[in-house]
Structures are given as structure tokens and as C-alpha cells.
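The next block holds one structure in the form of C-alpha cells; read it before the comments.
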Amino acid sequence: QVHVVESGGGLVQAGGSLRLSCAASGRTFYAMGWIRQAPEKEREFVAAITWRGTTTSYADFVKGRFTISRDNADNTMYLEMNSLKPEDTAVYYCAVSKYNISTTTRGYDYWGQGTQVTVSS
């Protein structure tokens, strides 16, 4: 059985930082990603990384501010978020893909429950 669990969300002031973590288990995956959903908006891709950590992809609106990484020793993925803006407020979902690294929300096979990130102005 596949398990995907996120942690690390919270409330932060604009300009601050947060680090999200995601642990996935239950089978072999090709890639992991972060997708977010703001209130009354559709889910949007944020960043992704291959299981081995050799390839990454970012949405334009987070380039230079967010960094995705993996720790292969404990099968955990991280999203370091710096220079946070109020518009980054959303539920952040960790998702995993069995076969490829995807920049679309439809490209993921298993999802976590999400963690809330709130950035105050």
C-alpha cells in the first residue's frame, strides 16, 4: 500500500521561509512533486524531482525562491521556500509519479493529504 505524508506547513510573514517535507513509501516511484491549491483556485504545479534527485523542474513563479531536494537515505523530499509572498498561501500537496517527472497535476498517481501554508502580509 502506498503512503504519502507531508509535513512542515504553517503561518509565516511575507519574506519569511518554510520547509516542507514529504515521505513516500509502498513501491518504487520515478518522481515526486509539489502541487498547491489556493482558495477558489485550481491546483497548480510547483516543483518536481526525480526519485534519484538527478533532475528537477520548477514553475516560473517559484524559480529563485523555492528549492526542491531529496534525501535518498530516508526517502524524503523537501521543499525549501524562501522569500514567501502572500500569494504563496495555499494547501501544498506532495504527489508521486510511477513513470515520469511531470509539470502537470494530472501526471501524478498518488497524493498526500496536503499541508497548509499561510503567508501574512
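The values are calculated or read from the model by the stated rules, or taken from the named source; none is laboratory data. Nothing here was measured: the structure is a model prediction, and the numbers come from that model. Note: ideal-geometry Cβ built from the backbone for every residue, glycine included; neighbour counts use all protein chains shown. For the accessible areas, the whole protein counts, side chains as well, though only heavy atoms, and no ligand, DNA or RNA atoms are used. Shrake-Rupley method; radii C 1.70, N 1.55, O 1.52, S 1.80 Å.
Brief remarks on what is shown
- When DSSP beta bridges are restricted to pairs lying wholly in the chain, around 90% turn out antiparallel.
- Global form of segment 20-66, assessed from the alpha-carbon gyration tensor, a/c cut-off 1.5: oblate
- For Lys85, the lysines whose Cα comes closer than 17 Å to its Cα, not counting residues fewer than 8 places off in the same chain, are Lys41, Lys63.
- Sum of side-chain charges, Ala38 neighbourhood, beta-carbon under 14 Å (Lys, Arg +1; Asp, Glu -1): -1
- Paramagnetic label zone (point 7 Å from Cα along Cα-to-C-beta, Leu11; backbone N under 19 Å) in segment 78-96: 84-92
- Coarse-grained scattering of segment 34-107 at q = 0.12, 0.25, 0.27, 0.28 Å⁻¹, given as base-10 log I(q)/I(0) from a Debye sum over alpha-carbon atoms: -0.31, -1.29, -1.45, -1.52
- Per residue, the accessible area of the chain comes to 53 Å² when a 1.4 Å probe rolls over the protein heavy atoms.
- Positive-end residue, segment 45-94 charge dipole about Cα centroid, Cβ charges, pick of Thr55, Ser83, Asn72: Thr55
- Cβ-placed point charges (K, R +1; D, E -1), dipole of the chain about Cα centre in debye, nearest 20: 220 debye
- Accessible area of the chain belonging to carbon and sulfur atoms, whole % at 1.4 Å probe: 44 percent
- Between Ser25 and Thr54, the simple spin-label model (points 7 angstrom out along Cα→Cβ) gives 2.7 nm.
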